[in-house]
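A quick write-up on the structure given underneath.
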Amino acid sequence: MVAMQECIFCKISSGELPAKIVYTDRDVIAFEDINKEAPVHVLVIPKKHIPGANKVDKGNIELLGRLVYVASKIAKDKKIESSGYRLVINSGKDAGQDVLHMHLHLLGGRKFTWPPG
Ligand code: DGP
């Protein structure tokens, strides 16, 4: 498991690593993804280090709901609320999760296919 001291998203959250921050509050931070897959590609993360979806417990439920709430507010700010957007959480290697700190991808500004590749 990646130690918190080595987690790049913990470092972004603490300000140790730079990122284009689009939103922050006490518990949640959102920043532009470094490898944009769409005109809008923002990562919304809990500041608390939760490695991924399978490490969510009852104590995290409200926090994770807030990720979706914050993503919907950013979608509004980015003016993709009515055109539509996709929220993605990759979990584990088959899904291609690279960063072991829970994150919600907010993707929009283009049309997506379904099913995803
Ligand atoms: P995932 O595959 O779901 O673990 O997505 C991780 C995303 O994180 C990927 O789209 C690229 C992004 N990413 C990785 N390292 C950095 C970084 O240092 N800064 C920023 N802004 N994004 C990063």
Q: Sort the range 33-117 into rounded, prolate or oblate with this rule: let a ≥ b ≥ c be the square roots of the eigenvalues of the Cα gyration tensor; rounded if a/c is under 1.5, and if a/c is not under 1.5, prolate when a/b is larger than b/c, oblate otherwise.
A: oblate
Q: Work through the residues other than Leu43 whose Cβ is under 10 Å from its Cβ and net out their charges, Lys, Arg +1 and Asp, Glu -1.
A: -2
Q: Using only the alpha carbons, work out the radius of gyration and Dmax of the range 1-83 in angstrom.
A: 13.2, 39
Q: Label the range 63-113 by shape, choosing from rounded, prolate and oblate, from the square roots a ≥ b ≥ c of the eigenvalues of the Cα gyration tensor; if a/c is under 1.5 it is rounded, and otherwise prolate applies when a/b is larger than b/c, oblate when it is not.
A: oblate
Q: Grab the beta carbon distance between Asp94 and Asp25, set R0 = 41 Å, and tell me the FRET efficiency rounded to 0.05.
A: 0.80
Q: Would you calculate a helix-derived [θ] at 222 nm for the chain, using -39,500 (n - 2.57) for each DSSP H run of n ≥ 4 and dividing by the full residue count, to the nearest 500?
A: -6500 deg cm²/dmol
Q) What is the spin-label model distance, in nm, from Glu37 to Thr113 if the labels are put 7 Å beyond Cα along the C-beta direction? A) 1.3
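Read-outs: derived from the displayed coordinates by stated rules, not from any lab. From a predicted model like this one, the values you see are computed outputs, not experimental measurements. Methodologically, a virtual Cβ is constructed for each residue, glycine included, from the backbone with ideal geometry; neighbour enumeration extends over all protein chains shown.
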